[in-house]
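Since the structure comes first, as structure tokens, the remarks are kept for the end.
The values are calculated or read from the model by the stated rules, or taken from the named source; none is laboratory data. None of the values given here were measured: they were computed from a predicted structure. All Cβ positions, even for glycine, are placed from backbone atoms using ideal geometry, and neighbour counts span all protein chains on display. Remember, those area values only see protein heavy atoms, side chains included, never the ligands or the DNA or RNA. Shrake-Rupley method; radii C 1.70, N 1.55, O 1.52, S 1.80 Å.
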Amino acid sequence: MFPLRKSLVVLGLIAGCNSMALKQEHGTVNAIQVPDAPPTPGKHSLRVSHFMFLSDFELDARHPLFKELGEFPDQVYGELKLPHLDTIVLVYLFENKRKYEDYMAARYPSLPNRRAFFVAQPRTIGGAEDLLVYTYWGDRIQEDLRHELTHALLHGVLKDVPLWLDEGLAEYFETPPAAKGVNRQHLEQIKQLPFRPDLVRLERLESVQQMAPAEYREAWAWVHLMLQGPPAIRQVLLDYLQALRTNPKPGSLSQRLANISPRTGQMLVEHLARLP
């Protein structure tokens with residue numbers, strides 16, 4: 001079952017003046033605009049780096065979270081060797097869970113109940129995209145925003161991102177900078193359960209409905225190996241991301257890794273075993 005804490009990457013396509021059809025990876029969900037729906041937050045705004053936070057409650061620019069997020073694009077793009085995006089990510093930040101859920105239920109009734117969403121919505125057919133994040137101020141706001149904003153930063157500069165890699169990178173970067181990408185919950189569960197990594201299987205996944213917690217754990221694990229493991233493995237990922245800047249279908253990442261070593265699965269197991 002898809003974990004409740006996760007986001008859902010939603011790719012949007014305008015279908016008419018009163019409604020829009022949103023593509024959820026390879027599935028379709030509907031967003032409905034109705035006159036009596038709760039309004040989008042917007043009484044207060046705060047610009048932080050590439051992000052514009054919009055809310056109906058006053059935001060404290062001195063809050064440590066915003067200082068951290070101000071450095072977040074440099075962290076993501078610096079580690080992945082990608083250029084900065086040239087647009088603004090709009091972050092609709094609701095005051096509490098009830099207001100957020102009321103809004104999402106009215107505007108996006110087909111979407112499941114999640115703590116946060118990222119939406120890439122084309123302004124025109126074939127045109128540039130509006131990058132939108134919806135969430136609320138809760139106990140896990142840091143984790144949720146880092147996860148969603150990772151999606152936004154990636155989709156802002158890449159033609160496409162394979163589902164498993166998109167989620168694996170978001171799981172990696174949702175952790176605080178000092179963690180160096182170690183997701184403690186994933187690591188503990190991997191060490192407690194039988195773990196037989198299979199990147200080829202992950203690459204076949206086409207929708208978030210196919211990703212259970214085990215798939216999120218494995219996606220994170222592969223990303224951690226490629227970013228914190230041997231330099232040759234890291235370079236394979238960096239080259240693949242560069243290819244995604246111009247080509248939405250640059251082939252199989254697992255095949256590129258196999259060209260480096262036929263035992264990358266065992267390398268992953270050994271890499272995780274060394275993590276504290």
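Calculated [222 nm] ellipticity per residue, helices only, for the chain: -13000 deg cm²/dmol; basis is -39500 (n - 2.57) per DSSP H run with n ≥ 4, divided by all residues, nearest 500.
Shown here for segment 236-276: trypsin sites (Lys or Arg not before Pro) in loop regions (DSSP other than H, G, I, E, B) with at most 13 other Cβ atoms within 10 Å, namely 245, 263. Rolling a 1.4 Å probe across the protein heavy atoms gives the chain an accessible surface of 47 Å² per residue.
Extending 7 Å from the Cα toward the beta-carbon at both residue 274 and residue 260 defines two label points whose distance is 1.3 nm. Taking each residue as 0.36 nm, the span from residue 74 to residue 97 lengthens on full extension beyond its C-alpha to C-alpha distance by 5.3 nm. The value given for the chain is a Kirkwood hydrodynamic radius of 19.4 Å, derived from the mean inverse Cα-Cα separation. Within segment 65-135, the trypsin sites (Lys or Arg not before Pro) that combine a DSSP coil assignment with at most 14 other C-beta atoms in a 10 angstrom radius are 81, 123.
Anything over 24 Å Cα to Cα? Flag those among 81/191; 97/180; 43/99, in the order listed.
Values: 81/191 31 Å; 97/180 29 Å; 43/99 15 Å.
Over 24 Å apart, Cα to Cα: 81/191; 97/180.
Assuming charge only on the beta carbon of Lys and Arg (+1) and of Asp and Glu (-1), the dipole of the chain about its Cα centre is about 480 debye to the nearest 20.
Segment 87-116 and segment 141-158 have Cα centres spaced 15 Å apart.
If you run the Gaussian network model on the chain, springs between alpha carbon atoms under 10 Å, then out of 120, 178, 37 the most flexible one is 178.
State which helices in the chain qualify, where a helix is a whole DSSP H run, it must extend 18 Å or more along its own axis by its Cα atoms, and its mean Kyte-Doolittle hydropathy must be at least -1.0. Those that pass (Cα extent of 18 Å or more, hydropathy at least -1.0) are 141-157, 213-228, 231-244.
Dipole of segment 94-151 computed with +1 at Lys/Arg Cβ and -1 at Asp/Glu Cβ about the Cα centre; of 145, 121, 106, farthest Cα towards the positive end is 106.
The accessible surface of segment 199-276, taken with every protein chain in place and a 1.4 Å probe, is 53 percent carbon and sulfur. Comparing 230, 112, 194 in a Gaussian network model of the chain, where Cα atoms under 10 Å apart are tied by springs, the biggest mean-square fluctuation is seen for 194. Among the GluC sites (Glu not before Pro) found in segment 45-117, those both in a DSSP coil and sparsely packed, with 15 or fewer other Cβ atoms within 10 Å of their Cβ, are 58, 71, 95.
Sorting 269, 157, 133 by solvent-accessible area of protein heavy atoms yields 269, 157, 133, largest first, with a 1.4 Å probe.
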